[in-house]
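The values are calculated or read from the model by the stated rules, or taken from the named source; none is laboratory data. Quantities reported herein were computed from a predicted structural model and do not represent experimental measurements. A quick note on method: Cβ atoms are made from the backbone with ideal geometry, for glycine too, and the neighbour counts reach across all protein chains shown. Just the protein is used for accessible areas: all its heavy atoms, side chains included, with ligands, DNA and RNA removed. Shrake-Rupley method; radii C 1.70, N 1.55, O 1.52, S 1.80 Å.
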Amino acid sequence: MSKINIIRGFADLYSPESALYTLMEDTARRVFGAYGYGELRIPIMEYTELFQRSIGAETDVVQKEMYTFPDRKGRSLTLRPEATAGIVRSYIENNCHAREEISKFFSFGPMFRYERPQKGRMRQFHQIDCECLGAHEPQADAEVLLMLMHFLRDLGLTELQPEINTLGCGECRPAFRKVLSDFLRGLDPESLCENCRRRLETNPMRVLDCKVPSCQEHTAGAPRILDHVCADCADHFSVVRDILDRSSVPYTLNPRLVRGLDYYMRTTFEVVSTAIGAQGSVAGGGRYDGLVSQLGGPEVPGIGFACGMERLALMLADKRTAEQATSAPDFYIAVLDAGATDSALMAAQTMRAAGLAGELSFAAKSLKSQLRQASRLNADYCLMLGQEELAARNIIVKHMGSGEQVAIPLVSLGDWAEIRHDDKLQRQRKGNYL
RNA sequence: GCGGAUGUAGCUCAGUUGGCAGAGCACCUGGUUGUGGCCCAGGGGGUCGUGGGUUCAAUCCCCAUCAUUCGCCCCA
């Protein structure tokens, strides 16, 4: 039979790397919980229209990257490419705005985008997502960003800094778009890269964050959205900046920062790392005041962010956090005769019931290789069990450090394990206070 | 959707101007050891990603295809 492969761009996640994801989730629950956010679990599939109407029908995500297919009754379903749309759908559907003035959610799970996989980019990837709905005040913007940085700091990623910008609102952005468009058309078309010449028609604001150096040079004198937003947007943004200035969180003002999803407005931010390859955007978010009503809900403002777990994991792996998650076992049981395997399992259960951690060899391989395995696992003790020991109702216990060994009656193995377990707890306590 | 790199033992990878397929680790056996990590000797294991082509002969050259990976694009 031929074997069946995993789907391209999907991944099996093994220990110890999987422990990084648990760490991220645990940290998220603790930090976001401290800000009054509750965990929300939503489906990974929605009707396709939800994403078309929220992300934007013209965006690359919707146009080329969604896993969309009909269900058995012909309705178009889509595996979620991001979390905000589903959260807002749920918010509207459950009348959250009528129950509480402000709703704060965090959520994590898999997202799906049909892209070419590369470092830090999978077709099934995972995001941590936070949304604050119901607050239009700029303080909410600042708090969300401070919370994100708090989360990253608690993960040990202290070197990360956010870039921030404002995108204006429905009132002032169209005017800026025109000013920018006029400026770009005034340039020599040859001075822009091929992509930017196309963007000029589809989405002129995207030209601003083009990474091609020559584009950067030629658009250096481009109008800045900061100078063209309306008074309300300017006031809003200056309050956000003022709070950040007064907090201890450093940030960079990046007037060229724009967002790929259509629903963003006003405050926008992104955390980029240069340490993990080309896909360096670790987290991104911003305000989306029109989205709830656009999806058929009430006029409720919102702000939030998404954080890419694969990219965080790349940075955490650099810090060797994964190794800390795994600990050495207390024992390993070597089986000297095949007939002793079930007794070895019972012995292991006795040890585990007493609080010790360890494994047994299921196969009665040579003692040499089993002892080697015990030292490879860095076990404290190796227990040996064969026909001879069974006949004597004993088990041989060998301390791997000193090499000392004793025969312990099988009936009192539990007592022995309990003593060992108490010793271990004492050592740990001592270690903590020292 | 577009480019570059890679695909050889369970794992990490050498290799041949085209001529019987290699190492380290792992595994197994034996020796040494106070039944153990080191060391020594031996052993098992490979349709050289897949399908075509060129050739007396292809793992090597050519074409196609699949997979992995790094970029472009896009995004978290």
Contacts under 6 angstrom Cβ, first residue in region A:244-265 being under 22 Å from A:D232 (Cα atoms), partner among the aromatic types (F, W, Y), 6 or more apart: A:L244/A:Y251; A:Y263/A:Y288; A:Y264/A:Y288
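So, in region A:342-392, exactly how many residues are polar (S, T, N, Q) and open to solvent by less than 30 Å² (accessible area, probe 1.4 Å)? Walk me through how you get there before you give the answer.
Step one: filter region A:342-392 for residues polar (S, T, N, Q), giving A:343, A:349-350, A:361, A:366, A:369-370, A:373, A:375, A:378, A:387.
When the remaining residues are screened for being open to solvent by less than 30 Å² (accessible area, probe 1.4 Å), the result is A:361, A:370.
The qualifying residues number 2.
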Which of the residues that make up region A:362-373 are more than 7 Å from RNA strand B (Cβ to nearest atom) and in a helix (DSSP H, G or I)? A:Q370
All positions within region A:67-97 that are within 28 Å of A:P204 (Cα to Cα), open to solvent by less than 40 Å² (accessible area, probe 1.4 Å) and either of a type in the set (S, T, Y) or at pLDDT below 95 (or both): A:T84
How many residues does region A:236-254 contain that are out of contact with any helix residue (DSSP H, G or I) (no Cβ under 8 Å at 6 or more places or on another chain) and either among the acidic types (D, E) or crowded, with 16+ Cβ neighbours inside 10 Å (or both)? 4
So, in region A:98-136, of the ones that are of a type outside the set (A, V, I, L, M, F, W, C) and more than 16 Å from RNA strand B (Cβ to nearest atom), which residue ends up least open to solvent (accessible area, probe 1.4 Å)? A:S103
Out of all the residues in region A:374-404, which are touching a Cys at 6+ places or on another chain (Cβ under 9 Å) and more than 6 Å from RNA strand B (Cβ to nearest atom)? A:A374, A:V397, A:H399
If the requirement is being charged (D, E, K, R), buried (at least 16 other Cβ atoms within 10 Å of the Cβ) and out of contact with any helix residue (DSSP H, G or I) (no Cβ under 6 Å at 6 or more places or on another chain), which of these qualifies: A:R30, A:R53? A:R53
Taking region A:271-307 and the residues there that are open to solvent by 10 Å² or more (accessible area, probe 1.4 Å) and of a type in the set (V, I, T), the one that is farthest from RNA strand B (Cβ to nearest atom) would be A:V300
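Is it fair to say A:F151 is within 34 Å of the chain's Cα centre (by Cα), crowded, with 16+ Cβ neighbours inside 10 Å and in contact (Cβ under 8 Å) with a residue 12 or more places away in the chain?
yes
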Scanning region A:284-318 residue by residue, the ones that are assigned to a strand (DSSP E or B), more than 26 Å from A:A98 (Cβ to Cβ) and in contact with a Gly (Cβ under 7 Å, 6 or more places away or on another chain) total 1
Of residues in region A:33-50 being open to solvent by 50 Å² or more (accessible area, probe 1.4 Å) and under 17 Å from A:Y114 (Cβ atoms), the one farthest from RNA strand B (Cβ to nearest atom): A:M45
Matching residues in region A:178-211 - criterion: being charged (D, E, K, R) and away from RNA strand B (no atom under 16 Å from the Cβ): A:K178, A:D182, A:R185, A:D188, A:E190
What is the number of the single condition among (1) farther than 24 Å from A:G290 by Cα; (2) under 29 Å from the mean Cα position of the chain (by Cα) that A:A222 does not meet? (2)
Looking at (1) over 16 Å from A:A348 (Cβ atoms); (2) assigned to a helix (DSSP H, G or I), which is the one condition that is false for A:A417? (1)
Selection status of A:L145, surrounded by 21 or more Cβ atoms within 10 Å (Cβ to Cβ) and either touching a residue at least 60 places away in the same chain (Cβ under 8 Å) or of a type in the set (D, E, K, R) (or both): yes
Check on A:V406, surrounded by 15 or more Cβ atoms within 10 Å (Cβ to Cβ) and within 22 Å of A:D337 (Cβ to Cβ): no
Taking region A:167-209 and keeping only residues that are part of a helix (DSSP H, G or I), surrounded by fewer than 13 Cβ atoms within 10 Å (Cβ to Cβ) and not hydroxyl-bearing (S, T, Y), one is left with A:P174, A:K178, A:D182, A:R185, A:P189, A:E190, A:E194, A:E201
